[in-house]
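Only one structure is covered here, and it is reproduced in the block below.
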Amino acid sequence: RKYGLEDMVRFTGRLTTEELVRQYSAAEVAITPSLYEGFGLPAVEAMACEVAIVGSNSGAIPDVIGDAGLLFNEGDAAGLRAVLDRLFSASSFRLDLIARGRRRAEKDFSWSTIASQIRAVWYEALNRPPLEIRRRTRHSF
């Protein structure tokens, strides 16, 4: 309200997972303009929902986005505008980034990938080779 943006910005509050997916999927671009980001989950969520991603060049965002999106320097409004102009200047470029983002989200940030990486770190810390994971049946202990 202070800046007269109430007709352009909607503050949703907490969303269910289903509503979050609908919101991402309705967007043409997701922007993470963070000054600092410990991980960058919104970027991964956007990539998984096949949305073009633009993020500030801070914290973990560059590592999360990789080559699947565009970066601008944090706090640089002109830089953000230039990146958005580039993103929307060629639909084939935007579609390529979207496809890369989806692949990146599936390959690098799926729960099975993350669990495997954590498991490997644990076994390395214990200085043991990984054990074979066996699925338990209802009756095995």
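The values are calculated or read from the model by the stated rules, or taken from the named source; none is laboratory data. These figures come from a predicted structure and were not determined experimentally. Cβ: placed from backbone, ideal geometry, glycine included. Neighbour counts: every protein chain shown. Heavy atoms of the whole protein, side chains included, go into the accessibility calculation; ligands, DNA and RNA do not. Shrake-Rupley method; radii C 1.70, N 1.55, O 1.52, S 1.80 Å.
Brief remarks follow.
- Residues satisfying the stated conditions in region 33-60, i.e. of a type outside the set (A, V, I, L, M, F, W, C) and open to solvent by 20 Å² or more (accessible area, probe 1.4 Å): 33, 34, 36, 37, 38, 42, 45, 50, 57, 59
- Given (1) hydrophobic (A, V, I, L, M, F, W, C); (2) modelled with pLDDT under 95; (3) surrounded by fewer than 18 Cβ atoms within 10 Å (Cβ to Cβ), index of the condition residue 109 fails: (3)
- Residues that are open to solvent by less than 100 Å² (accessible area, probe 1.4 Å), modelled with pLDDT of 90 or more, out of contact with any Ser or Thr (no Cβ under 8 Å at 6 or more places or on another chain) and within 24 Å of residue 79 (Cα to Cα) within region 1-32 comprise 24, 27, 29, 30, 31, listed in sequence order.
- Wholly within region 18-111, helices (runs of 4 or more DSSP H) carrying at least 1 residues that are closer than 25 Å to residue 8 by Cα and without any contact (Cβ under 8 Å) to a residue 60 or more places away in the chain: 41-48, 77-89, 91-108
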